[in-house]
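Single-structure report; data block below.
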Amino acid sequence: MRDELHGRTVLGVSNISFGLPQREIINAAFFTMALQNGLNAAIINPNSEAMMRAYYGSRVLMDQDPQCAGYISAYGGQTAAAGGETAGGVSLSDSIGRGLKERAREAVRELLPERDPLDIINREMIPALDRVGKGFEKGTVFLPQLLMSAEAAKAAFEVIKEQMSRTGQSRQKKGRIILATVKGDIHDIGKNIVKVLLENYDYEVIDLGRDVPPETVAEAAEAYHVPLVGLSALMTTTVPGMEETIALLRKRTPWVKVMVGGAVLTADYAAAIGADRYCRDAMASVNYAESIFAEPRD
Ligand code: B12
């Protein structure tokens, strides 16, 4: 009926519970159902916790609360991270922290004429993501915000990547390297940075992407007969996938050297899972590649 009439609806929701105990329970359930059926405006008591919970929760579930910003600001114990895209003058690290994608792009463009791209990555972008990660761990930052920060970092990184490929000459390639984020893990910002830097140092990178099963890595290493494979894993739950991949590579492509990286890894752990080299950052991967490709190979 509402659709046929193209009308808007307004409803005082509390009459429904008249004469019953704990009226809020019925009111909130009715309010939720009415919202789901397209209610446009409700007359409710905004001081009722049950009604406000129904309101914020329903908006999230009906996709009316972008990035859950309203919900997080009401119940996340903090102000919403999404500050809109108008924030001018916000620093690169703050724009990543607040998930401001457009501003992150602008801020990195402002920094690039004066700063080395790697310095921007290491001193602005990574610490900003680390802060967000810590907040996520502590429960002050929530998944939609983590996603927005990651998007902002990726946008800034795209600008850096363009700049690096403009300034890099296309010279003869020094050799091929395979990169992959291991099975079960979708974090790829770090791997992508490693890729761009290796390409800048004239290596040809075969990027297998993220969430890559051990078999796919081994097949590619075999098919391309690469001397070096780089694996990334960012979670304690996915490091075993890294170990599994290394074990398979040892079996099927014994000539291959394996370098590994990612926030949760340490040099000791990398050695324990059989990697040849732990790389703390992207530059370490270049140094290792330079040493591998300098050696005479069969
Ligand atoms: C951004 C981010 C995300 C983004 C990823 C977007 C993307 N496309 O990558 C999104 C929002 C999708 C995400 C999702 C999740 N995330 Co997350 N995420 C992060 C965060 C904040 C930053 C990671 C990052 O990009 N860092 C910046 C890059 C540049 O650093 P890096 O990866 O370490 O890479 C550098 C070096 O390590 C090294 N390196 C890395 N890889 C390689 C590879 C090689 C070959 C070499 C040589 C070097 C190298 O060089 C890089 C450049 O210097 C971290 C927190 C943190 N401090 O790391 C959490 C974090 C990794 N995430 C975490 C979690 C739990 C998750 C989720 C499970 C959340 C959820 N409940 O759904 C999901 C995982 C989904 C999955 N199956 O993978 C946890 C992992 C905890 C743990 N100990 O296991 C962390 C640590 C946050 C936390 N503190 O709780 N996440």
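Since every read-out is calculated from the coordinates, none of them should be taken as a lab result. Just so it is clear, the model here is predicted, and its values are computed rather than measured. Virtual Cβ from ideal backbone geometry, glycine too; neighbours counted across all protein chains shown.
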Estimated dipole of the chain in Debye, rounded to 20 [Cβ of Lys and Arg +1, of Asp and Glu -1, Cα centre]:
140 debye
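Hey, fewest Cβ within 10 Å first, where do ILE16, ILE72 land in order?
Numbers: ILE16 16, ILE72 23.
If I rank by nearby Cβ atoms, fewest first, I get ILE16, ILE72.
Net charge around ALA107, counting only other residues with Cβ within less than 9 Å of its Cβ (Lys, Arg = +1; Asp, Glu = -1)?
On the way: positive: ARG103, ARG105, ARG109; negative: ASP94, GLU106, GLU110, GLU124.
With Lys, Arg at +1 and Asp, Glu at -1, the neighbours total -1.
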If the cut-off is a Cα-Cα distance under 19 Å, which lysines reach LYS195, setting aside same-chain residues fewer than 8 apart in sequence?
LYS154, LYS161, LYS173, LYS174, LYS183, LYS257
Structure-based [θ]222 nm, the chain - -39500 (n - 2.57) summed over DSSP H runs of at least 4, per residue, nearest 500:
-15500 deg cm²/dmol
